[in-house]
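In what follows, a structure is listed as C-alpha cells, so that the remarks can point back to it.
The values are calculated or read from the model by the stated rules, or taken from the named source; none is laboratory data. These numbers come from a predicted model, not from an experiment. Cβ placement follows ideal geometry from the backbone for every residue including glycine, while neighbour counts extend to all protein chains displayed.
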Amino acid sequence: MEEKCRCINEEIPFEIPPSWTWCRLGEIFLHNTGKALNSSDTTGCLMTYITTSNLYWDSFVLNSLKEMRFSENEIEKCTVRKGDLLVCEGGDIGRAAIWKYNEEIRIQNHIHKLRPYTELSISTRFFYYVFYLWKQMDRIGGRGIGLQGFSSKTLHNLLIPLPPYKEQLSIVSKIDYLFSVLKVVEKSLN
C-alpha cells in the first residue's frame, strides 16, 4: 500500500539544522497508557501502580503507592521499566519524567508509557526535554469537554525534531549542566 505524502509546513514551529528531521513521536516510540481503576475487578495479581499524582517534572513521589489487580496481559502492557519516558495524559498535561529505578512498576490509564523502538539511536532524556520545551511553548494541550486530556492519537501524531543520536546526547549533556548550575544559583539565593 502506498503512503500519502502530506505537507507539514504549517505545523513546523521553528527551523532545525539540516542534519535533523521532523517526525511523528509514534514513529520512534512505542506508547500506550496504563489500566483504568475498576473496583469490581477481582481477578489477577494485586500490584502497586503509579498515577499522575506520583509523576512530576523529572521526578516521582513514591511514598503513597496504591494497589489494583492486573491480569497477565495487563501486567505486560502496563509495566514500566528503567528508562521508560512517562507522560501525563491529564492534570498537568504533558508533564513527564523518566523511570530511573531498577524496580518495575505499573501505571494507571492517565499516564502514557513511551519506549523507543530502538535505544541505539534515541535518547529518552532528549525527548523528555522536548516535552518540557513543548509544554513551555504551549504546543501540548488537552482537548475535549470537561476534563482535558492528551490522547494516544494526539501523542502518536505529535510533530517533534529528531537530531542525530550524538547530537541528542550532546544537547542533553549541556541542558543537564545548565540546570545543575541553576540549582546551585537558586540554593545560594535562598
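The table that follows gives values for the structure above.
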quantity: Number of positions in region 62-85 that are crowded, with 18+ Cβ neighbours inside 10 Å and outside any helix (DSSP H, G or I); calculated: 5
quantity: Unique match (being surrounded by 15 or more Cβ atoms within 10 Å (Cβ to Cβ), touching a residue at least 24 places away in the same chain (Cβ under 8 Å) and out of contact with any strand residue (DSSP E or B) (no Cβ under 7 Å at 6 or more places or on another chain)) among ILE50, ILE140, ILE105, ILE122; calculated: ILE140
quantity: For LYS100: the one exception among (1) closer than 21 Å to LEU46 by Cα; (2) out of contact with any helix residue (DSSP H, G or I) (no Cβ under 9 Å at 6 or more places or on another chain); (3) not hydroxyl-bearing (Ser, Thr, Tyr); calculated: (1)
quantity: GLY26 in a loop (DSSP other than H, G, I, E, B), touching a helix residue (DSSP H, G or I) at 6+ places or on another chain (Cβ under 9 Å) and of a type outside the set (Val, Ile, Thr); calculated: no
quantity: Residues located in region 87-99, provided they are over 18 Å from ALA36 (Cα atoms) and either in contact with a Ser or Thr (Cβ under 9 Å, 6 or more places away or on another chain) or not in a loop (DSSP other than H, G, I, E, B) (or both); calculated: ASP92, ARG95, ALA96, ALA97, ILE98
quantity: Single residue of PHE131, PHE127 found to be out of contact with any Cys (no Cβ under 7 Å at 6 or more places or on another chain), aromatic (Phe, Trp, Tyr) and at pLDDT 95 or above; calculated: PHE127
quantity: Of all residues in region 166-190 being at pLDDT below 95 and among the small types (Gly, Ala, Ser), the one that is nearest to ILE98 (Cα to Cα); calculated: SER180
quantity: Residue match in region 47-55 (condition: under 22 Å from MET137 (Cα atoms) and either of a type in the set (Lys, Arg) or part of a loop (DSSP other than H, G, I, E, B) (or both)); calculated: no
quantity: Within region 88-124, tally of residues that are β-branched (Val, Ile, Thr), modelled with pLDDT of 95 or more and within 21 Å of ILE171 (Cα to Cα); calculated: 3
quantity: Check on LEU155, modelled with pLDDT under 95, under 16 Å from the mean Cα position of the chain (by Cα), under 26 Å from THR48 (Cβ atoms) and not in a loop (DSSP other than H, G, I, E, B); calculated: yes
